[in-house]
Amino acid sequence: MMVNDFHISPKMEIYSCMVDLYSRAGMLDKAMALINKMPFPAGAIVWRTLLAASRVHRNVELGKLAAENLISLQPHDSAAYVLLSNLYAATGDWQERAKVRKLMDVRKVKKEIGYSWIEVKNKTYSFMAGDVSHPLSDSIYMKLEELSGRLKDAGYQPDTNYVLHDVEDEHKEAILSR
């Protein structure tokens, strides 16, 4: 349609968006069919999108395929390894998860620490999980504990599937709230 009606050839980003849309709708077969029909080889963004969707829908076979392609394109990008590891964790395959983590060690692939930013009154603040560098971190974490308790009282159950599998559930929840 884009080519015929508007004389526009879709680029990698459009294909990635379509793969994402199909994946969000649970249509992983259509997403893969689209990838196979692309007029050029799928790039890292397309494979990363499919890998993330495979984790959400717990499709190990498709996730492995996406990870293999992504790793062949970007062997030192931690995203493929982490997403595949999380897919194995979500499906309870701790042996395969451990193999992926070991492969990261062998290849010296490191997961970058995730930071968040917020701007308040034209000043930008950055922080990461477990960060205690703020002078009020003790009171901040006390408030977070209070809020976590209120959330649990209201029926909230944190998803602990992706937190260390050899840790008790209560400790997993503490890790998630930091």
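The values are calculated or read from the model by the stated rules, or taken from the named source; none is laboratory data. Remember, predicted model here, so these are calculated numbers, not experimental data. Positions of Cβ are backbone-derived with ideal geometry, glycine not excepted, and every protein chain shown enters the neighbour counts.
Descriptive notes on the structure:
- Exclusive hit being surrounded by fewer than 14 Cβ atoms within 10 Å (Cβ to Cβ) and either modelled with pLDDT under 95 or among the hydrophobic types (A, V, I, L, M, F, W, C) (or both), set I14, I45: I14
- Residue in segment 130-150 that is at pLDDT 90 or above and surrounded by 15 or more Cβ atoms within 10 Å (Cβ to Cβ) present: no
- Taking first residues from segment 59-76 that are among the polar types (S, T, N, Q) and partners that are in a helix (DSSP H, G or I), the Cβ contacts under 6 Å between residues at least 6 apart in sequence or on separate chains come to N59/L28; N69/W47; Q74/A44.
- Residue list for segment 72-95, restricted to those being of a type in the set (V, I, T) and outside any helix (DSSP H, G or I): T91
Let's see how each residue does on (1) under 18 Å from I45 (Cβ atoms); (2) touching a helix residue (DSSP H, G or I) at 6+ places or on another chain (Cβ under 7 Å):
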position: E61; (1), (2): no, no
position: L73; (1), (2): yes, yes
position: Y81; (1), (2): yes, yes
position: Y125; (1), (2): no, no
position: L144; (1), (2): no, yes
position: D153; (1), (2): no, no
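- In segment 28-43, the residues that are in the same structural domain as E13 (by TED's automatic domain parsing) reach residues that are of a type in the set (A, V, I, L, M, F, W, C) and not in a helix (DSSP H, G or I) with C-beta atoms within less than 7 angstrom, at least six apart or across chains, in these pairs: I35/A42.
- Members of segment 31-71 that are part of a helix (DSSP H, G or I) and farther than 27 Å from G92 by Cβ: A33, L34, I35, N36, K37, A44, I45, V46
- Boolean, S72 is on the phi < 0 side of the Ramachandran plot and surrounded by 19 or more Cβ atoms within 10 Å (Cβ to Cβ): no
- Any chance K64 is at pLDDT 95 or above and under 20 Å from L50 (Cβ atoms): yes
- Test result for K102, closer than 26 Å to M128 by Cβ, part of a loop (DSSP other than H, G, I, E, B) and of a type outside the set (A, V, I, L, M, F, W, C): no
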